[in-house]
1. Compute the distribution of all C-alpha to C-alpha distances in the range A:180-244, in bins of 5 Å from 0, and list the percent of pairs in each, rounded to whole numbers.
2. Give the peptides B:33-46, A:408-421, A:239-252 in descending order of average Cβ contacts within 10 Å, highest first.
3. Pairs B:Lys23/B:Lys107; B:Lys64/B:Lys121; A:Lys221/A:Lys445; A:Lys136/A:Lys221; A:Lys136/A:Lys445; A:Lys127/A:Lys180: which exceed 25 Å Cα-Cα?
4. Using a/c under 1.5 as the rounded threshold, could you call the range A:221-373 rounded, prolate or oblate? The axes a ≥ b ≥ c are square roots of the C-alpha gyration tensor eigenvalues, and prolate needs a/b larger than b/c, oblate otherwise.
5. Over 17 Å apart: what share of the alpha carbon pairs of the range A:141-256 falls there, rounded to a whole percent?
6. What is the projected area of the convex hull of the Cα atoms of the range A:313-396, averaged over all directions, in nm²?
7. Roughly how large, in nm² to one decimal, is the mean projection of the convex hull of the alpha-carbon atoms in the range A:389-459?
8. If you count, for every residue in A:260-273, the Cβ atoms of partner chains within 10 Å of its Cβ, what is the mean?
Amino acid sequence: MIIQLGSGDLSYDPGFQADEAEASFFVNKNLTGFTILCKQLLQVIFCDACGKTMFSDVSAQKNGPSLLCSPASEEQGPTFERISLPYELYSDRYRVGQRSFSRQYAHIYAARLMQMRPLLAERAQQKWGSNVLIKKLCDLEPGEQCCIVGTLFKRMELQPSILKEISEEHNLLPQPARAKYISEADELILEDELQRIKLEGKFDKDKCVTGSVVAIYGAEKNDGKFTVEDFCMADLPLQTPRPALSSDRFVLLASGLGLGGHNADSMLGLQLLVDMVTGQLGDTGEQSGAAAISRVLLAGNLLSQNTQDKDASTKAKYLTKKTQAGSVEAIRVLDELLLQLVASVPVDVMPGQYDPTNYTLPQQPLHPCMFPLSSAYNTLQLVSNPFEASIDGVRFLGTSGQNVCDIQRYSSMDSHLEILEETLQLRHLAPTAPDTLGCYPFYQKDPFILEECPHVYFSGNAPTFESKLIKGPDGQEVLLVTIPEFSSTQTACLVNLRTLQCEPICFTAFSADKDEENEMNISH
Amino acid sequence: MDELYLDNIDEFVNDHNKIVTYKSLSLTLGVHVNTAKQMLYHYLEHKRKESSPQLHATYLVTGKFVDNGQTCHRVSIVREDQLEDFKSKMSLIVSVHVYSVQKALLKDSGPLYSVDYDAVKDHLQNCSKYSAIQCPGAVPVSSLERQQALNAPNPPQSEPGNSGTNRETNTTSKAHPRPQKGIMGMFSKKSAVKSQNTSEEVKPEQKDEPAVVDSAKNKPAAKANPMMNFFGSQTAKKSVKAVKEEADQTSERKSPQPCEKSDGAAVQHQKDPRSKTKRAEDEDSEEDKMDKKKRRRIKKPEPDSSDEEVVPDSPPPQEALTRERSPKKETETVQPSNSHSGVKVRKRRRVLKSRTYLDADGCMVTEKGFESESYSESEEDFRAPKAAQREPFKAKANPGSKEDDKKSQKKAPASSNKGGKQASIMGFFQKK
């Protein structure tokens, strides 16, 4: 089929990609205006065929009259209604009621292993045959090929240990914080309920982290070490299929707002974000597109690290008597910001590493008393970290990024997206808890084990935006999203619930030192 | 559309040398944001045709942008001179409109943020009113209702069979659709409206008070709302208690009264010294009676309703009720009509009279009509001992201006402890 547009021809077949179509369209330079129109036309024609519907496309489709004209008489602007979707919050898992810290952390590991052992046994049988021997460590016999299931422990020399630091015989000075604590001399050990055994063999020990429950296939050698030939993880849990949606609905994910910090540049970006979501920015097309944003999720670090008063406890009281904590003003600004948002869209607010809530995972929701203005609205939902909810049948699960950052420190993986996938494969949100990541001493349960596969799995406060759609062994489909830190990247993400795709939105402005081109990740 | 807006924008830009963004214009003029954007564009064209002094504008461009193979939706503010360049770099333009107009060339976009911040700050409660998206689910829930929802499992306390009074029912029935007239109403406009409605019904009992309270509430509601909310949770308990007391009082004071004004006129009067609308006739006598009664315990219920709105965290404003009654005496006629129009009116009209007397609790209360002074005085007075002080407090609270209320409220809490029995000390704080 040939489409004749202007001075060029365009041919397409079904399955033609939209960008290919544009590339083959030669434009007459004199028709620049026409060019733009045609590109838009092509987008409209092809994007649905490709199955990709970006927010820009949705907004462009409903183009209304241009706003570069005089106001029409007596005409009030159009008003779109915010789309409202069924929402269910699964908060019970991560709420800690009565807290008792007089317990040992061993109970979590016991609960973890107990819950994951049957899952791993099943996976092992699927992978290595149903007649594979699954043995406990105490029953191991040297030379026998079998499979063992247990918790990994990585002994790292560089791992900060408070016992070493305060021990006088070692005479160690406190070590500075490092980016990574892995080294060549690390050892992997597998522990089960009763015993532990050193592992060696062909596997990438740098990728493994303490606390992951795995199944290992190999044999015990005479020297007491277990030679690994293969290993497998619990992999994705089962997933209830998501409903087929008829129209495009979006959920906006943002994190790392960093209020109270010294980076004033991001405030304008934040204001643009709020204006866009509440439908003030843009013309009618954009506003109607924004009305399809059904929810906003703020994934942690609403306050900047600067608001953390490190020396509050050490400074003399007479010096700090009249000074207000840095977080007080920042929370007030946050409350005003949230008020603008909640008046127009339901918002879920997750706490992060620098927010005023408890430090250990699972972080409890921020208290509504801090938000006197915005908590008057029932669209404000203060939720825990990790967060799990179902929006219009699409299951969201994610954290504010502490678990990913911790794994990044203790393994060789650098990409947040890769780590996210790894945790999904391990079927555990935060395997390093409680070893290196603060965690509440649970007694008979480990709430971080994934029991149902989410459709959207995210982590906040990543350095850049990344997203990927992965498929599981049982037909699961998960969208992995790493939400970038807004204060440094001015970027947020939009997840399209219908197509399960994620698109970044970036907000830029101009400043004195930048002349023209604004790159995506530049904060002016 | 009349061209007045052109003059308005002109005034902002040229005379005040301000930066006019579409958002500040929309909030200031009360127009839809899209209209504001078009207004700015029109103004720009208009001025440029006239070759007036140099004007600069910034534009907002949104669209699709491809960066290293990754497409993103980009929203940017650009200077006018960068506009075309920017547009050419985008792969798909979704919208372009004027963002701001100013006299000086902006090197940095920082000032744009402060302009918007100030504009929004001034209109915090209705910042989304002129936007293009309305969310039907985003409804502010009054803190009162929330408290009720929280306290719902608690059975209503005390009221010994006072189901008749609205206040009681209001406070006790969480599911009660209307926020309590008295206490609750204070916290939100909605409740105020509702209270007013309910007060219609319960005229005899609360009429004036709730009405007054409500109206007073409505006025300061907007401004006081944030503060109210802040105090909401703290005062909720007090309100509940206050209401309870009120209920008690009410029941004692009068037999269950229907919402009819005619019923128990006398008693009602006592309760509602303020019911300006209804009672023009018995006021004097009733007020006196009520004064005495109120000082005892009956005060409690009524002051609650009126006081609550003004001072969320003060004890039930029963005393205030009685107080109000006294001043009301003086300005009766004025009040009835003003009760619904607002506290301010009442206050203005009230004659400034100074009355000093001893409460039942031995507190000295000085009333000066509805001056703010009397406010704080009464507030402090009744802060400590509930009974006696509620009256004056309530009286003052209602008619007082919002600022006064707030001031007195703030002072009252601070000085409540100190001012327990020392009314005179309170005088120091009043003048502020």
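1. 4, 12, 25, 21, 14, 8, 5, 5, 3, 2, 1, 0
2. Ranking, from highest mean packing down: B:33-46, A:408-421, A:239-252.
3. B:Lys64/B:Lys121; A:Lys221/A:Lys445; A:Lys127/A:Lys180
4. Taking the square roots of the gyration eigenvalues as a ≥ b ≥ c, the range A:221-373 is oblate.
5. In whole percent, the share of Cα-Cα pairs in the range A:141-256 beyond 17 Å is 68.
6. Average projection, Cα convex hull of the range A:313-396: 6.8 nm².
7. Mean shadow area of the hull around the Cα atoms is 5.0 nm².
8. For this peptide, the per-residue mean of nearby foreign Cβ atoms is 3.
Bear in mind that the values in this text are calculations on the coordinates, not laboratory data. The structure displayed is predicted, hence computed values, not measured ones. Please note: Cβ atoms are built from the backbone with ideal geometry, for glycine as well, and neighbour counts cover all protein chains shown.
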